[in-house]
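Structure first, then comments.
The values are calculated or read from the model by the stated rules, or taken from the named source; none is laboratory data. Quantities reported herein were computed from a predicted structural model and do not represent experimental measurements. Note that we place each Cβ from the backbone using ideal geometry, even for glycine, and neighbour counts take in every protein chain shown. With ligands, DNA and RNA removed, areas are computed over all heavy atoms of the protein, side chains included. Shrake-Rupley method; radii C 1.70, N 1.55, O 1.52, S 1.80 Å.
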Amino acid sequence: MTVQTVPMLDETPVGDALLRRIERFYYREARLLDREAYADWLTLLDPGIRYWMPAMETRKRGDQRGPWTDGEMSYFDDDFAMLKVRVARYEQPSAWADNPATRHLHIVTNIEAIETGTPGLVRAFSCFENVRNRNEKDQDVIHGRREDLLKLDGDRITLAERRILIVQNILLSKNLNTFF
Amino acid sequence: MCDAKARPDMRPVYPKAGSYPDFADLVDDSRAQVDRRVFIDRAIYEAELRQIFGRAWLFLAHESQIPNPGDFVRTYMGEDDVIVVRQRNGRIGAYLNSCPHRGNRVCMVDSGKKARGFICNYHGWSFGIDGRLNGTDGKVYDKDPGFEKSAIGLTPVAQVASYKGLVFGTFDPEAPSLEDYFGPFTWYLDVMLDNDEGGTEFIGGCVKSTVECNWKFPAENFVGDILHAFWTHQSGAEAILGGAVDLGSRYDERAFQASVYGHGIETNLDKVGNTRTLGFPELNDYVLGRYEAVKARLGEVRARMVGAVSSCTVFPNFSFLPGQATFRVWHPKGPDRIDLYTWTLVNKNMPERIKELYRKGTMITFSPGGVFEMDDGENWEYCTKANQGWVTRHQKLHYGLGQDSAWSESDLPGHIHRGSLNDANQRQFYKRWAEFMRFDSWGDLQRAETAPPAKPLPQAAE
Ligand code: FES
Ligand SMILES: [Fe+2]
């Protein structure tokens, strides 16, 4: 599976009831991340997930490479096992960049969901504002867009693929001690 | 009032070094102390831009990033914005990214392919990839008798040279050759750059981030501070290896620090200690599987260094971790800020699958979201910020670990210290810093105390 560019014109939005469920899924995910409930967050992910946040390059409009390239340097390009490794670090009291705890806020907005043509698979778009504040006044704010593939299995929704596109060229913070 | 015949003199100006003995004295080698003001003081920082970043050979790019004529990347030398571009004759040139007309940047992007030139957005002056002024917008200048197009262009970086794929530049026309600047330190650089006949390349793209720290803290960290790994990186090691970073005595006999002209590497000879932290057993097998071939090429000592627990800084601000394949530059942005550029270096001949594991390994270990790097930036920021206090800044910092660890009988190149758990390379780094502050001539710089002790280079494959 690969997140692909969707033709803008013939998108079919999912029905309102499903959209509502997807919104709830995202809001709950944001709440889990705010609480650093990473073990619970992992249960929202499909074991075959690709969790990918490419580094953004500033390039001319005419440059055919676009602002990022699959297979090049990224902030994250994880499978499920790698995400579990990151979570394992957060669980250590010696994770110094998180002890004292970071105060997190994930705001999710602009949620849209469209049919993929494959039953049980929905493409979803959202935007986020991610605020992290720690110690006295260290604050990092990151804005971006997420392009997801969601798996529907009965009542259950899982995240099968996520592409995170931030608006920063040089990340204006020292680290990314969070998920998006 | 203006002489009609006077022409603006547009020849490049490369500021000369001076000397700052007072600043040099802030590094007290006999007491193994460094004055905290070198990490926060604006005047000292300005002196660094002149004495160090205005003279030293600085990392610009990997040749693999710009394979064809017109391919370019934009970077910095100190705070100077620079375009690095492959010329039609295959050589690499570098130019200040600033229009000689009113100073505007002529290149706004990070990189590009097969450019024919650069056009300034302000009044449309256009420059070739060789920096020469090709033309101006409109006919205004054609009719202006005072205008001398041939004498105007983007200021070239005074010298540009490559070492085994890595491109460096210096603003000092008098600087010694790149090889002389490295001296016998090339013997150690070859661990990464020459362990395979096909040479190296950067995996595409670059991760960039900002850290609110003085540029010397990460540079000294990579030049010799393996000591911090046990404490700082406990959580990351626990996550990937299921236990703390093993720096224990069982490796101490196999570990050493080497330094030449302030460039330094601290290393173990444990073969895959750092590669193991990438978390992919396939990579350990790969490195171990190449051991005999690398040994035949570089000899046993260096073959054992390829994936080992180790880190390196090329003076002043270019660092890498051999085992993790992460290469980075700490661009100074004032006394209390850097922009960090991170790449992954691999051998061209590696199977694609192995290259991919190194790429992913960089991300999960040493990039802003990496389980190790995450905790480094926090330390460097507070090392810098805490020194702002008026009383605090008058306290000296302690660089005294392992003052009796010199291993002068060693036949390895450079100043060698036994064991990697000591501050030897950091002392050499700051000694070199002080030499750059004190001396205005390269003759003095290259004969100073950090110069390599005279001994023959060990045979490649002993
Ligand atoms: S500033 Fe570049 S053309 Fe005027
Ligand atoms: Fe570190």
### Message
Out of the total accessible area of chain A (probe 1.4 Å, heavy atoms of protein only), what percent is carbon and sulfur?
### Response
52 percent
### Task
At most 16 other Cβ atoms within 10 Å and a DSSP loop assignment: could you name the GluC sites (Glu not before Pro) in the range A:46-128 that fit?
A:Glu91
### Task
Could you tell me whether the protein assembly as shown comes out rounded, prolate or oblate from its Cα gyration tensor? Rule is a ≥ b ≥ c as square roots of the eigenvalues, rounded for a/c under 1.5, then prolate if a/b exceeds b/c, otherwise oblate.
oblate
### Task
Round to the nearest 0.05 the FRET efficiency obtained for B:Arg42 and B:Asn104 when R0 = 22 Å and r is the Cβ-Cβ distance.
0.25
### Summary
In Å², rounded to a whole number, the accessible area per residue of the protein assembly as shown with probe 1.4 Å is 42 Å²
### Message
Buried accessible area between B and A (1.4 Å probe, both chains summed, ligands and nucleic acids excluded), in Å² to the nearest 100?
### Response
3600 Å²
### Query
Taking every residue in A:161-170, how many Cβ atoms of other protein chains lie within 10 Å of its Cβ, on average?
2
#### Entry: Cα long-axis angle, helix B:373-386 against chain B (0 to 90 degrees, to the nearest 10)
70 degrees
### Query
How large is the dipole of the range A:31-140 about the Cα centre if only Lys and Arg carry +1 and Asp and Glu carry -1, each at its Cβ, rounded to the nearest 20 debye?
200 debye
### Task
Rounded to the nearest 0.05, what FRET efficiency do A:Lys60 and B:Glu409 give with R0 = 51 Å and r taken as the Cβ-Cβ distance? Could you check?
0.35
### Task
Over the alpha-carbon set of the range A:1-157, work out the extent along each principal axis and list the three values in angstrom, largest first.
49, 44, 28
### Task
Return, for the Cα atoms of the range B:60-139, the radius of gyration and Dmax in Å, separated by a comma.
12.1, 40
#### Entry: Cα-Cα pairs of chain B separated by more than 39 Å (percent)
22 percent
### Task
Can you pull the one-decimal nm distance between simple spin-label points at B:Ala293 and B:Lys139, each 7 Å off the Cα toward Cβ?
6.5 nm
### Query
Excluding the sites themselves, what is the longest stretch of chain A that contains no trypsin sites (Lys or Arg not before Pro) in a DSSP loop with at most 12 other C-beta atoms within 10 Å?
A:62-136
#### Entry: Accessible carbon and sulfur surface of the range B:169-224 relative to its total accessible area, %, 1.4 Å
38 percent
### Task
Could you pull out every one of the lysines with an alpha carbon less than 16 Å from that of B:Lys114, ignoring same-chain neighbours closer than 8 positions?
A:Lys60
### Task
May I ask you to compute the full-extension gain from A:Val85 to A:Leu18, defined as 0.36 nm times their residue separation minus their alpha-carbon distance, rounded to one decimal in nm?
20.9 nm
### Task
Starting from the coordinates of the alpha-carbon atoms of the range A:105-180, obtain the Kirkwood hydrodynamic radius over all distinct pairs and give the value in Å to one decimal.
14.0 Å
### Electrostatic dipole magnitude of chain B [Cβ: Lys, Arg +1; Asp, Glu -1; Cα centre; debye, to 20]
1340 debye
### Rounded tilt (10° steps) of B:424-438 against the dominant C-alpha axis of chain B
30 degrees
## Note on the structure
The lysines whose Cα lies under 27 Å from the Cα of B:Lys143, excluding any fewer than 8 residues away in the same chain, are B:Lys5
### Dipole magnitude of the protein assembly as shown, debye to nearest 20 (Cβ charges: Lys/Arg +1, Asp/Glu -1, about Cα centre)
1240 debye
### Cα pair distances exceeding 15 angstrom across the range A:33-78, given as percent
60 percent
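Which whole-number value in Å³ per residue fits the convex hull of the alpha carbons of the range A:79-122?
113 Å³
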### Query
Taking the range B:357-434, which GluC sites (Glu not before Pro) meet the DSSP loop condition and have no more than 12 other C-beta atoms within 10 Å?
B:Glu409
### Summary
When the charge dipole of chain A is computed with +1 at the Cβ of Lys and Arg and -1 at the Cβ of Asp and Glu, the Cα pointing farthest to the positive end, of A:Asn177, A:Ala101, A:Phe80, is that of A:Ala101
### Neighbouring partner chain Cβ atoms per residue of B:102-114, average, 10 Å criterion
3
### Message
Please check: in the Gaussian network model of chain A (C-alpha springs, under 10 Å), which one of A:Asp153, A:Asp140, A:Asp79 has the largest mean-square fluctuation.
### Response
A:Asp153
### Task
Multiply the residue separation of B:Glu300 and B:Lys114 by 0.36 nm, subtract the distance between their alpha-carbon atoms, and state the gained length in nm to one decimal.
62.7 nm
## Note on the structure
Residues of the range A:64-80 that bury at least 50 Å² of accessible area, probe 1.4 Å, when all protein chains are present rather than the chain alone, are A:Arg65, A:Glu72, A:Met73, A:Tyr75, A:Asp77
### Task
With a point put 7 Å past each Cα toward its Cβ, work out how far A:Val141 is from A:Glu129 in nm, to one decimal.
0.6 nm
### Message
Using square roots of five times the C-alpha gyration tensor eigenvalues, list the equivalent-ellipsoid semi-axes of the range B:245-308 in whole Å, biggest first.
### Response
20, 16, 11
### Query
For B:Lys455, which lysines qualify as cross-link partners when the Cα separation must be under 27 Å and same-chain residues fewer than eight apart are set aside?
B:Lys164, B:Lys271, B:Lys295, B:Lys431
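Average projected area of the Cα convex hull of the range B:333-428, in nm²?
Directional mean of the projected Cα hull area for the range B:333-428 stands at 9.8 nm².
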### Summary
Under the rule rounded for a/c under 1.5, else prolate if a/b exceeds b/c, else oblate, using alpha carbon gyration tensor axes a ≥ b ≥ c, the range B:1-81 is classed as oblate
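What's the carbon and sulfur percent of the range B:329-432's accessible surface, probe 1.4 angstrom, rounded to a whole number?
52 percent
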### Task
Calculate, for B:Ser162 and B:Gln395, the FRET efficiency according to 1/(1 + (r/R0)^6) with r their C-beta to C-beta distance and R0 45 Å; round to the nearest 0.05.
0.55
### Task
Sum -39500 (n - 2.57) across every DSSP H segment of at least 4 residues in chain B, then divide by the residue count to get the 222 nm mean residue ellipticity, nearest 500.
-7500 deg cm²/dmol
